[in-house]
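Colleague: Submitted below is the structure of interest, expressed as structure tokens.
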Amino acid sequence: MADPSSYRPSPGQIPDSPGVYKFRDEHRRVIYVGKAKNLRQRVANYFQDLAGLHPRTRSMVTTAASVEWTVVSTEVEALQLEYTWIKAFDPRFNVKYRDDKSYPYLAVTLNEEFPRVQVMRGAKKKGVRYFGPYGHAWAIRETVDLMLRVFPVRTCSAGVFKNAARTGRPCLLGYIDKCSAPCVGRVTPEEHRELAEDFCDFMAGRTGTYIRRLEKDMTQAAEEMEYERAARLRDDAGALKRAMEKSAVVLADATDADLIAVAEDELEAALQIFHVRGGRVRGQRGWVTDKVEAVDTSGLVEHALQQLYGEERGDAVPKEVLVPALPEDTEAVSQWLAERRGSQVSLRIPQRGDKKDLMATVQRNAQQALGLHKTKRASDLTTRSRALEEIAEALGLDTAPLRIECYDISHLQGDDVVASMVVFEDGLARKSEYRRFQIKGFEGQDDVRSMHEVIGRRFKRYLQDKERTGEWEQAPSVTGPAATATDPAATGPGPAATGPVPAATGPVPAPALPAASPADEIDPREDDGRPKRFAYPPQLVVVDGGQPQVAAAKRALDELGIDDIAVCGLAKRLEEVWLPDDDDPVVLPRSSEGLYLLQRVRDEAHRFAITYQRAKRAKRIRSSPLDDVAGLGETRKQALIKHFGSVKKLRQATIEEICEVPGIGRRTAESVAVALASAAPAAPAVNTATGEIMEEDDGGTP
């Protein structure tokens, strides 16, 4: 730890003009950047008695080994230079905002001859017009799909565009009038650019002109008895109105403004920004940061303004910026914003009316974002403990549920039915304990029956593992099929035992367990006496669903004689918590840490289940007729595809030609020919975004 007096400059060395200063450590790395109206006064504050400094400031000055400064002429220049240095040096003791997600933008590539509308993420590019950010990419695609009726701008990639120009045939969107097809010369580059600029004008909030024009043309067409054209114009106007409805009016005076709200505690801060254009919320984003320097709300706002507008120009900086607290140098920050916009920018705190009400909404979003972020943090033991205590209190548990298991069922219209089991220990995900199940006890869609099967199979394995380790008292044997499970995918359920079963506690004999199948036997190399796989019981089982799913899970536990594990369900519609045998749900406050934790557990189970279900479906779709050829392994299948180029060409080959492939004998070649002859070729797929027919890839895998 360095002594600040060892590198303290004498007061006469430091100028009393505006400037920016840098603290460096012993390795010459920049660890802090700051600005000041008066460098002499500001820098001298860092070299007072250490006991009088803020703990974070004390940590910084004792880590530093030198300080240097740069004089500028105005406070605005100091603000800009501070932002530039923070971006360049990434100092460890400066507040740095991290995006809580990667936000997609609606982008129009006006820098191309034929501008394209698309979804973009990441750094902004010169010559591209951006709208957003949006919370989800699907929201952009829905909006674009509605607007292409009126503004049929190109949306295809460069490869699709060049291919259409080469063949002289437009894509599907060109045929259904959702693209003006500049690739085949239906419109000139100038006409297409005009369409793109009209699209941008509409997205920028100038909506009334286009809707009034469509309605006027519709009326005129009806008067001239061109009813089909009038109907099309009516539908076009309706599409634009639906696109507008996707962003509700929040400010009646068509205001262009950004609203910034801050939620903070001693260690962290969360910011929420609402982008309002034309009186409508056009985008939203959130940032979180560790308070690594001694900074108050006004300082957090100033850092946010620097990061938000530091690389923006023109209309990207709105006319009005509403904040919860004004920066210390309000005049300098306002002037800096005005220079970046090219006109006056109002920076103020809303005091009354709709803007104050909207700011309260943004503030609530910031508070929720901070609470959710803290729940996710592994280092935040206090929040996790409070969440577990709230769950225990709400569900009437004797102790906090240190191990929580959550189950979810996933399928696509009754096909590829699977289930997931995720585990949270002490409020943290324990991914090594996750399990996946295939539902094989019945065919079709029945979430309640599926939940009963999965819970029964999981806890049969739990009882079997306890029996192997001698922790479960074996009762007289009863026959029954074995529950099978594999790691990571558990498969092959047996029917659950029926009828009342005594609890597995006290002197009462435990229920008999099904004999383990070979798949359930423990590998002797792993049998070191420790519990394996399903041997750890949870204190709480959470199921994704309401009363029916909870009742099914409880019934499965009762049939196995397990009565010391709590069960609850979390219903998505109103986020209600359901308990067995209760007619009314438990409603946790929206700000409850316990509800946040239950939502995270449920969402993780849903993610894990749907990922597995999609993988199974994709594998089934990618299946090849070669998979059914006995004795034909993956290596020889790849050799066949590599030799012929595709399954289509392999299907046309003779047995003698197949025999020419190294490793393929005549018997195998005959089996391959029979398998391919009996399998009908798949219908060609169509790319719905571009209209391309996706023919079988000549170099694809089977």
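Colleague: For the full complex of protein chains and a 1.4 angstrom probe, list Asp558, Asp258 by accessible area with the highest value first.
Modeller: Asp558, Asp258
Colleague: Give, as a single signed number, the net charge of other residues whose beta carbon lies under 12 Å from the beta carbon of Glu393, with Lys and Arg counted +1 and Asp and Glu -1.
Modeller: -3
Colleague: Of the listed pairs Lys440/Lys649; Lys291/Lys431; Lys35/Lys291; Lys162/Lys637; Lys22/Lys96; Lys125/Lys241, which have alpha-carbon separations greater than 25 Å here?
Modeller: Table pairs above 25 Å Cα-Cα are Lys440/Lys649; Lys291/Lys431; Lys162/Lys637; Lys125/Lys241.
Colleague: Out of every Cα-Cα pair in region 264-393, what percent are more than 26 Å apart?
Modeller: 30
Colleague: Can you check what the net charge comes to around Phe89, using other residues whose Cβ is under 15 Å from the Cβ of Phe89 (Lys, Arg +1; Asp, Glu -1)?
Modeller: Around Phe89, the charge tally is +3.
Colleague: What is the distance in Å between the Cα centres of region 384-426 and region 550-594?
Modeller: Using only Cα atoms to place each centre, the spacing works out to 10 Å.
Colleague: Could you rank Glu425, Glu393, Glu312, Glu82 by how accessible they are, 1.4 Å probe, largest area first?
Modeller: Glu393, Glu425, Glu312, Glu82
Colleague: Would you mind telling me the antiparallel percentage of the DSSP bridges in region 263-418, rounded to 5?
Modeller: Expressed as a percentage, antiparallel bridges in region 263-418 total about 80.
Colleague: I need the peptides 427-436, 599-608 ranked by packing, meaning the mean over residues of other C-beta atoms within 10 angstrom, with the highest value on top.
Modeller: With the highest mean Cβ count within 10 Å placed first, the list reads 599-608, 427-436.
Colleague: Rounded, prolate or oblate: which fits region 169-236, taking a ≥ b ≥ c as square roots of the Cα gyration tensor eigenvalues, rounded meaning a/c under 1.5, else prolate when a/b beats b/c?
Modeller: In terms of gyration-tensor shape, oblate.
Colleague: Could you tell me whether region 5-126 comes out rounded, prolate or oblate from its Cα gyration tensor? Rule is a ≥ b ≥ c as square roots of the eigenvalues, rounded for a/c under 1.5, then prolate if a/b exceeds b/c, otherwise oblate.
Modeller: Values: a/c = 3.42, a/b = 2.19, b/c = 1.56.
It is prolate, given that a/c is not under 1.5 and a/b is the larger ratio.
Colleague: Determine which lysines satisfy two conditions relative to Lys356: a Cα distance under 22 Å, and not lying fewer than 8 residues away in the same chain.
Modeller: Result set, ordered by chain and number: Lys319.
Colleague: Highest first, please rank the peptides 279-288, 540-549, 223-232 by the mean number of other Cβ atoms sitting within 10 Å of their residues.
Modeller: 540-549, 279-288, 223-232
The values are calculated or read from the model by the stated rules, or taken from the named source; none is laboratory data. Computed from a predicted structure; not experimentally measured. All Cβ positions, glycine included, derive from the backbone under ideal geometry; neighbour counts span all protein chains shown. Heavy atoms of the whole protein, side chains included, go into the accessibility calculation; ligands, DNA and RNA do not. Shrake-Rupley method; radii C 1.70, N 1.55, O 1.52, S 1.80 Å.
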